[in-house]
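Derivation of every value follows stated rules applied to the coordinates shown; laboratory data play no part. Computed from a prediction, not measured in an experiment: that's the story for all the values here. No Cβ is skipped: glycine too gets one built from the backbone with ideal geometry, and neighbour counts run over all protein chains shown.
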Amino acid sequence: MHPQETQGKIISIVAAIGIVVNGISALVFFRDKDKDLNAKGAYLHLLADTLVSAGVVIAGIIIFYTDIKWIDPLISLIIMLVVLVSTWSLLTESLRLSLDAVPANINLEEIKTTTLKVSGVKEIHHIHVWAMSTTKNAMTAHLILEENLSQNQIAELKHTLKHELEHLNIQHVTLETESVNCKEKDC
């Protein structure tokens, strides 16, 4: 009912301290922000806090020198919009992870091309790729193999393919094998 008057000088001093603390903390997560969704979330949170503190410093200085009180809520609205825009990608990545969608950094056509280059593989289908965590991906697929491959050859083929898929950022692979005749009989 009786709000206190905004003290521009005090606001600016406290917010300036916040810029330093949050800025240094954001730098801790900067290196891993593109590798791990959790690090990206922490980085964006601290960067947003730094931005908020900078906005508060600006508002405090303007209030101190001009006595324009409405600048505080205006700066707050601007900061809110910047934070919303800058964190939108984090929201979409988090949603993709929680829905087990194909991770954004996975190219299914590249998976097919790489698989078909492995000797003995005729076709790949029923490909499912999802994130197991913010840094590890999994895949299941059905392979149609050439006829008359021995169990040792099939094991070697799977080993080779799993190694190749690691280069495409897929760390856990489960492969079901079928023969050409099996596909034609729909088994």
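The C-alpha atoms of the chain define a longest principal axis, and helix 71-98 lies at about 10 degrees to it. Charge dipole (Cα centre; +1 on Lys/Arg Cβ, -1 on Asp/Glu Cβ; no other charges) of segment 108-184 amounts to roughly 220 debye. Dividing the summed helix terms, -39500 (n - 2.57) for each DSSP H run of n ≥ 4, by the number of residues in the chain produces a 222 nm estimate of -20000 deg cm²/dmol to the nearest 500.
How far is helix 8-30 tilted off the main Cα axis of the chain, in degrees rounded to 10, range 0 to 90? Tilt of helix 8-30: around 20 degrees. Assuming a ≥ b ≥ c are the square roots of the Cα gyration tensor eigenvalues, decide whether segment 108-184 counts as rounded (a/c under 1.5), prolate (otherwise, with a/b larger than b/c) or oblate. Judged from the Cα gyration tensor, segment 108-184 comes out prolate (a/c at least 1.5, a/b above b/c). GNM on the chain, alpha-carbon springs under 10 angstrom: the most fluctuating residue among ASN148, ASN107, ASN169 is ASN148. Label positions at LEU74 and GLU147, each projected 7 Å from the Cα along the C-beta direction, are separated by 8.0 nm. With a Cα cut-off of under 21 Å and a minimum spacing of 8 residues unless on different chains, the lysine pairs in the chain number 19. Based on the alpha-carbon gyration tensor of segment 8-98 and its eigenvalue square roots a ≥ b ≥ c, which shape applies: rounded if a/c is under 1.5, prolate if not and a/b is larger than b/c, or oblate? Since a/c reaches 1.5 but b/c is at least a/b, the shape of segment 8-98 is classed as oblate. Rounded to the nearest 20, the Cβ-based charge dipole of the chain about its Cα centre (Lys and Arg +1, Asp and Glu -1) stands at 460 debye.
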